[in-house]
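Only one structure is covered here, and it is reproduced in the block below.
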Amino acid sequence: MKQMITLEKGAQSTHHARFLRKYRLQNLSVWIARLTLLFLLIGGWEWASQKGYIDPFLFSSPTLILKEAQHLIQEGVFFTHILQTFLETTVGFLGGTLLGIILATIIWASPFLSKVLDPYLVVLNSLPKVALGPIFIVTLGAGFVSIIAMAIAITIIITTLVIYNSFQTVDPNYLRLVRSFGANRFQLYRLIIFPACIPNMIAALKVNVGLAWVGVIVGEFLVSKAGLGYLIIYGFQVFNLHLVMMSLAIIAILATLMYQAIAFIEHRFKHI
Amino acid sequence: MKQMITLEKGAQSTHHARFLRKYRLQNLSVWIARLTLLFLLIGGWEWASQKGYIDPFLFSSPTLILKEAQHLIQEGVFFTHILQTFLETTVGFLGGTLLGIILATIIWASPFLSKVLDPYLVVLNSLPKVALGPIFIVTLGAGFVSIIAMAIAITIIITTLVIYNSFQTVDPNYLRLVRSFGANRFQLYRLIIFPACIPNMIAALKVNVGLAWVGVIVGEFLVSKAGLGYLIIYGFQVFNLHLVMMSLAIIAILATLMYQAIAFIEHRFKHI
Amino acid sequence: MSTYVEVRDLTHRYWDVKSETIALKEISFSLKEGSFLVIVGSSGCGKSTLLSILAGLYPIHEGFITIDGNSLASCQKRIGYVLQKDALLAWRTIKQNVQLGLEIQGIATLKNKQYAFDLLDQVGLGHVGDHYPHQLSGGMRQRVALARTLAVKPDLLLLDEPFSALDIKNKIHLETLLKSIHKQQKKTTILVTHDLEEAIALGDDVLVLSGHPGTLRKIMKIPDSIKNIPPLEVRGHTLFRSLFEDLWREVDL
Amino acid sequence: MSTYVEVRDLTHRYWDVKSETIALKEISFSLKEGSFLVIVGSSGCGKSTLLSILAGLYPIHEGFITIDGNSLASCQKRIGYVLQKDALLAWRTIKQNVQLGLEIQGIATLKNKQYAFDLLDQVGLGHVGDHYPHQLSGGMRQRVALARTLAVKPDLLLLDEPFSALDIKNKIHLETLLKSIHKQQKKTTILVTHDLEEAIALGDDVLVLSGHPGTLRKIMKIPDSIKNIPPLEVRGHTLFRSLFEDLWREVDL
Amino acid sequence: QSTDGQDKKVETITLVEVTHSIFYAPQYVSKNLGFFTEENIEIEWVNGNGGDKTMTALLADQADIILVGAEAGLYVTARSQSTDISAFAQLTQTDGSFLVARHPITPFTWEQLKGKTLLGQRRGGMPQMVSEYVQKQNQIIPHQDVALIQNIDYKNLSSAFVAGTGDFVQLFEPMASKIEAQGYGKIVASFGTESGHLPYTCYLTKKSKQDPELLKRFTRAIQKGQSWVKTHSATEIASVIQEDFPDISKENLIQVVDRYKKQASYAEDTIIDEEEYQRMLTIMKEANELPKVIPYDLYINTTYAEEVKQELKQE
Ligand SMILES: Nc1ncnc2c1ncn2[C@@H]1O[C@H](COP(=O)(O)OP(=O)(O)OP(=O)(O)O)[C@@H](O)[C@H]1O
Ligand SMILES: Nc1ncnc2c1ncn2[C@@H]1O[C@H](COP(=O)(O)OP(=O)(O)OP(=O)(O)O)[C@@H](O)[C@H]1O
Ligand SMILES: [Mg+2]
Ligand SMILES: [Mg+2]
């Protein structure tokens, strides 16, 4: 009975109570299904590798991954690696987003420039940036800077395009309005274009997080002394696939957390 | 005088003629600026490497790249490599898009399933897929299939999310309308949801082209006997950076062409 | 004429996690076969909700509705629904749009299609059958939407502010068209509008909803002398002004 | 009163690569200081174009316009413009929205801001100053837009279908508000609408545009007996019907 | 101890190694036993993750010294106009890869490769060239008698083999031992033994930037490590380098070191012999990967190596 009451908490009528119960029960069953699925996936993996249906040497297993993590924690380098990659990703994606916004602003400021650069942006956009890694090493050195550059290279063009696009789709009524007040182009930008596009910028951030992770991991594949990408490469070199899988799992978790953090910010912004 | 007339072709009044002239002159100047920029970039590169300001061994130069291409053409393998990569990319990106659409449809068909899978899709979406390559090699073998799988892995989740999202943002008036006619869920999908989202699907294709190229190139880095990604790896291996640059240039050109082809289709679809 | 639509003690609530919105409260009215009811009321008083329920788009939780003595659920296909937004499918030609309902209900026979195209002629748009919706003006699009709904030969016609996005000339033109179709086919019709003049010009009865939650405030009979003249002339009729002012007082801002 | 706005032989053309659209052709009229002109006409006859030109949003290629004897370009800041879509900035509170024009023109002094907030009170919205636009109804939002434009003390007020998205109660309420503000401030005002009743209820003169390209069809004077009564009552006035029918004939569908 | 006084300032060298491997045990011995410190050298270690990137690091002045396959320098010298790259010390003198069979074969003869599939290293690299060379030495025609898969990234070779690709695989340590330990295959031959001595992994630098005195001290530190490795047991070596390979078990480490030691993969001195150099050129030429013959003197510099050897002998 206690539970019933919780399920119907906040009800404003018996009908509402019924609705709330159904809604919350459904929510509950969604969560149960999610957790069951998670359990099945992880449990099934462990079970299959213990039974020998899949080769734990190649595919690792949850317990072996945990053991690997424990080992790294004991050595005190677990969090160093994570922090390293996390830092690089954050810098890379903030940098890419910021530079993208600046670039979009410059292009917006000059319609002529935007027309001239348009085909170049398309080419740069279609070019698989992961292939550029070696060029960064040559020009920027085999270190932190190259990794960041990789992350920025992957994010900047798409950010520029998305944000420039959103600059152009700002409600024309806003523009008519401020122009009728006699606003100049800078005021137009400061008062309308920029604030109107903040939600789009945050949405771009959401895409960029994923891309920045790709950039940093690829960058770490190329040059690195530490970080999760380094652990993956190193794991392959010494044929320790548990290390590889562990790094992948951590990347998945971190990338998801960052994505959700931005989704949360996005949600907040929608509600002002 | 001849030129004047061309500039004003199709004018419907003297005012219109003036407008057309200005418009076409501006267009012309945009093209001139674009070509000048292209010329400056390529010419500057050539000049700097001839003068020794940049090391042609590390950064190659336009003529050296052309020479390399000529060499490959003479050996008769130039187009084999290009065709190989082009084919893989096409298969990968069509496959990714198609599977994404199917997945989105399945999720749309079952709201419960969509809720259960939601966090899994977020995780899969944030995971840098380029790190999964080795797993494909182990499970799918060291060949064509792994490369395609890489391209599909990179495109499928984002396609699913984008298309599922667009399924959900179909004008609710359409849905009210067909439901008022007594349509079932399958009719809803066939008559409204699917056709209404075709433009979004084409837009997704546009993103997917770029991603498919990344997937194929990364796949070829891992395992390949031929293709542009293979040429890049091989070029680095034997320190033939002209080969690397040539491959990058071809990739840029092909990726741009494919992107433009889809942009063209998108444009056509907007005009029905 | 007998009672065709019967609404009894209808209450409708919208729910979300945080709160409950009561949109309609204990609405009761009945409608004779072949009559034309107009529903007016201020914004948010539940007009669209009522129409959606009648169209079978929302389940009924409290109260009941019968159509010709049967439950609403069993009559879904006999009800036609026209929205304020024409909702023409952008990727279909006008002809293909008009036969949409026939396709959905699996009755797209040659004969029925011909009937649909005849309706298109009747609303004056036979010549644009192969155009796409974006090539038509707002008034034309709304006429197509009307023909599309009539094509499935509904027994009950529901219209939710069908003309509110049109300019005055188009609006009156379409009102005239609707009134003449109603007179000719004698289809039971319920129209929602916030234009009081339109209500007087079209309705046999005008039902006023008011407040939050929406309750039935009044049902006003339109005199026979007004009923049978075209909408433009109604607006100049001697009785018109006093009817308008009566309605004006009933509708709350 | 002297001539304040003078429009002479104004022609406006829209150009694209393929074709030229003539939106307005040889329009000439003049307007006395403090008077209220309403422009009506069918959809696409160039009403919005005319207003945009007056607001300085488009350059003048043929013909000329003077305001109080000066060229239009030199008077930009003395013109206030209200659009059909309220265009309230979603990320600003109502108060911040109302002072937008002051900020742009660099005159956001304490005194001017106070004047803006007083206007907000005057349109009956002083109590929602700290709300965001999405928390307001359509009618309230349009009132804010009006206050925002009046805040910069324009000498000429331009309104492009400001009330056409509102329901009838809100519409008449806002018409009444606008009429009383006009009477009080004696600001020269031009309003575009496709609602002929609104035109009669508000204008000193009604200018009818017609056709493609839009040409001046007629300027109709509204009798003084109607001018000084509230919009709701105008609609019941004895002269109203014939004025309406005169206008109706002039406006083409 | 060191001939150059202890009062000298400590200098830092950025050393990019092509990969982090037990194959390079002597240099970790030098590090862990303080031989670099004795020479007032502090090393900044960078893992280059492959020959191309390592070489690039040197060319782009991101590294002072690199440890890389000698062929990388040859490629660069052959393809660029510059002759700036020089190899001044060698660390390993044989190939370091092994032939692993899926099933134990005793006794193994190269004949048994015929008709089978060999999962090899990537084209253009020394291991692949050595492999083909060794096959030819044993009367097997590559690609004809034996099917060669040469399209897999070296990091994924072992996984691919374990997953079922190929009958044989050419692997470096510690992968080979790991696979053997897990029972997925058996080491049946060593490419290092078969190919004979080569200047396999060397220290390269740029002539234009070199500081003779510093390079000599560096060479001395390496030489000390090599000498120590020569005179100590696999177990002792393993204990010293264990900290550099935390992921590899002690037994595994001992086994690998022992294997390399037995086949004399670890060079005993840093001198790159001309005869070995010529053998390498032959191997590359046969593999069709030598763009142009580079004279020994142009690329190899044995001055420091010989001086250091001389001085240490005298001590
Ligand atoms: N899907 C919904 N969920 C929650 N509340 C809703 C929903 N739809 C409508 N409402 C609420 O129900 C009430 C009635 O809405 P309804 O749309 O029926 O009004 P209406 O009379 O048609 O208004 P309008 O004239 O603006 O179209 C309003 O208070 C509205 O906020
Ligand atoms: N930016 C533009 N480019 C080209 N043609 C335009 C443009 N804006 C308007 N037109 C054309 O000019 C004519 C007049 O348009 P305008 O918007 O002024 O009409 P309107 O009277 O305001 O119509 P409505 O009542 O629908 O608002 C129309 O034929 C329209 O198609
Ligand atoms: Mg409604
Ligand atoms: Mg307009």
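See the values below:
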{"item": "Search result, residues across the range B:217-245 that are facing chain A (nearest Cβ under 8 Å) and of a type in the set (Val, Ile, Thr)", "result": "B:ILE217, B:VAL218, B:ILE232, B:VAL244"}
{"item": "Residue identified as open to solvent by less than 30 Å² (accessible area, probe 1.4 Å), in contact (Cβ under 8 Å) with a residue 12 or more places away in the chain and either in a helix (DSSP H, G or I) or among the basic types (Lys, Arg) (or both) among A:ALA263, A:ALA252, A:ALA203", "result": "A:ALA263"}
{"item": "Residues located in the range A:109-118, provided they are without any contact (Cβ under 8 Å) to a residue 60 or more places away in the chain, in a helix (DSSP H, G or I) and surrounded by fewer than 16 Cβ atoms within 10 Å (Cβ to Cβ)", "result": "A:PRO111, A:PHE112, A:LEU113, A:ASP118"}
{"item": "Matching helices (runs of 4 or more DSSP H) fully within the range D:192-253 where at least 3 residues are open to solvent by 20 Å² or more (accessible area, probe 1.4 Å) and within 12 Å of another protein chain (Cβ to nearest Cβ)", "result": "D:240-250"}
{"item": "Per-region count, the range A:133-182, residues farther than 24 Å from B:LEU241 by Cα and in a helix (DSSP H, G or I)", "result": "23"}
{"item": "Unmet requirement for C:LYS111, which otherwise passes all of (1) modelled with pLDDT of 90 or more; (2) under 14 Å from the mean Cα position of the chain (by Cα)", "result": "(2)"}
{"item": "Within the range C:47-64, considering residues that are open to solvent by 10 Å² or more (accessible area, probe 1.4 Å) and touching a residue at least 60 places away in the same chain (Cβ under 8 Å), the one farthest from ligand 4 (Cβ to nearest atom)", "result": "C:THR49"}
{"item": "Residues (more than 10 Å from ligand 2 (Cβ to nearest atom), open to solvent by less than 60 Å² (accessible area, probe 1.4 Å) and assigned to a strand (DSSP E or B)) located in the range D:31-46", "result": "D:LEU31, D:PHE36, D:LEU37, D:VAL38"}
{"item": "Selected residue (criterion: nearest to E:PRO26 (Cα to Cα)) from residues of the range E:253-266 that are open to solvent by 20 Å² or more (accessible area, probe 1.4 Å) and part of a helix (DSSP H, G or I)", "result": "E:LYS261"}
{"item": "Residue count, the range C:22-47 (criterion: among the basic types (Lys, Arg) and more than 10 Å from ligand 3 (Cβ to nearest atom))", "result": "2"}
{"item": "Some residue of the range B:167-174 being open to solvent by 20 Å² or more (accessible area, probe 1.4 Å), among the aliphatic types (A, V, I, L, M) and more than 7 Å from every other protein chain (Cβ to nearest Cβ)", "result": "no"}
{"item": "Subset of the range D:109-132 [acidic (Asp, Glu) and away from every other protein chain (no Cβ under 14 Å)]", "result": "D:ASP118, D:ASP121"}
{"item": "Qualifying positions in the range A:211-225 - open to solvent by 20 Å² or more (accessible area, probe 1.4 Å) and at pLDDT below 85", "result": "A:PHE221, A:LEU222, A:LYS225"}
{"item": "Failed item in (1) more than 10 Å from chain A (Cβ to nearest Cβ); (2) among the aliphatic types (A, V, I, L, M); (3) away from ligand 4 (no atom under 16 Å from the Cβ), with D:LEU24 passing the rest", "result": "(3)"}
{"item": "Which listed residue is in contact with a Phe, Trp or Tyr (Cβ under 9 Å, 6 or more places away or on another chain) and either in the same structural domain as A:GLY210 (by TED's automatic domain parsing) or closer than 27 Å to D:GLY80 by Cα (or both), from A:PRO119, A:PRO172, A:PRO134, A:PRO111", "result": "A:PRO134"}
{"item": "Qualifying residue in the range C:48-57 (condition: within 16 Å of ligand 3 (Cβ to nearest atom), at the interface with another protein chain (Cβ under 8 Å from one of its Cβ atoms), of a type in the set (Ser, Thr, Tyr) and in contact with a Lys or Arg (Cβ under 8 Å, 6 or more places away or on another chain))", "result": "yes"}
{"item": "Criterion: within 9 Å of ligand 2 (Cβ to nearest atom) and over 30 Å from D:VAL123 (Cβ atoms) - qualifying residue of D:ILE27, D:ILE22", "result": "D:ILE22"}
{"item": "Residue within the range D:152-159 that is assigned to a helix (DSSP H, G or I) and crowded, with 21+ Cβ neighbours inside 10 Å present", "result": "no"}
{"item": "Check on D:GLN122, more than 19 Å from the chain's Cα centre (by Cα) and away from ligand 2 (no atom under 16 Å from the Cβ)", "result": "no"}
{"item": "Given (1) away from ligand 1 (no atom under 16 Å from the Cβ); (2) of a type in the set (Val, Ile, Thr); (3) under 15 Å from the mean Cα position of the chain (by Cα); (4) open to solvent by less than 30 Å² (accessible area, probe 1.4 Å), number of the condition C:ILE168 does not satisfy", "result": "(3)"}
{"item": "Residue tally, condition open to solvent by 50 Å² or more (accessible area, probe 1.4 Å), farther than 18 Å from B:PHE19 by Cα and of a type in the set (Ser, Thr, Tyr), over the range D:1-29", "result": "2"}
{"item": "Residues of the range B:192-211 classified as facing another protein chain (nearest Cβ under 7 Å) and closer than 19 Å to C:LYS85 by Cβ, total", "result": "1"}
{"item": "Meets criteria (away from ligand 3 (no atom under 16 Å from the Cβ) and either assigned to a loop (DSSP other than H, G, I, E, B) or at pLDDT below 90 (or both)) for D:GLY63", "result": "no"}
{"item": "Condition check for B:PHE78: under 13 Å from B:GLY215 (Cα atoms) and more than 17 Å from the chain's Cα centre (by Cα)", "result": "no"}
{"item": "Helices (runs of 4 or more DSSP H) lying entirely in the range A:1-108 (those with 1 or more residues that are modelled with pLDDT under 90 and among the acidic types (Asp, Glu))", "result": "A:62-75"}
{"item": "Any hit, the range A:246-260, residues being away from chain B (no Cβ under 13 Å) and farther than 20 Å from A:ILE42 by Cβ", "result": "no"}
{"item": "Tally, over the range E:51-71, of residues that are open to solvent by 10 Å² or more (accessible area, probe 1.4 Å) and either among the small types (Gly, Ala, Ser) or within 14 Å of E:LEU91 (Cβ to Cβ) (or both)", "result": "3"}
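Residue-wise test of (1) more than 15 Å from ligand 4 (Cβ to nearest atom); (2) on the phi < 0 side of the Ramachandran plot.
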| residue | (1), (2) |
| --- | --- |
| D:THR3 | yes, yes |
| D:SER30 | yes, yes |
| D:GLY34 | yes, no |
| D:VAL40 | no, yes |
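The values are calculated or read from the model by the stated rules, or taken from the named source; none is laboratory data. Since this is a predicted model, take the numbers as computed values, not measurements. In this analysis, Cβ positions are derived from the backbone assuming ideal geometry, glycine residues included, and neighbour counts consider all displayed protein chains. To get the accessible areas, we keep the full protein, side chains included, count just its heavy atoms, and leave off ligands, DNA and RNA. Shrake-Rupley method; radii C 1.70, N 1.55, O 1.52, S 1.80 Å.
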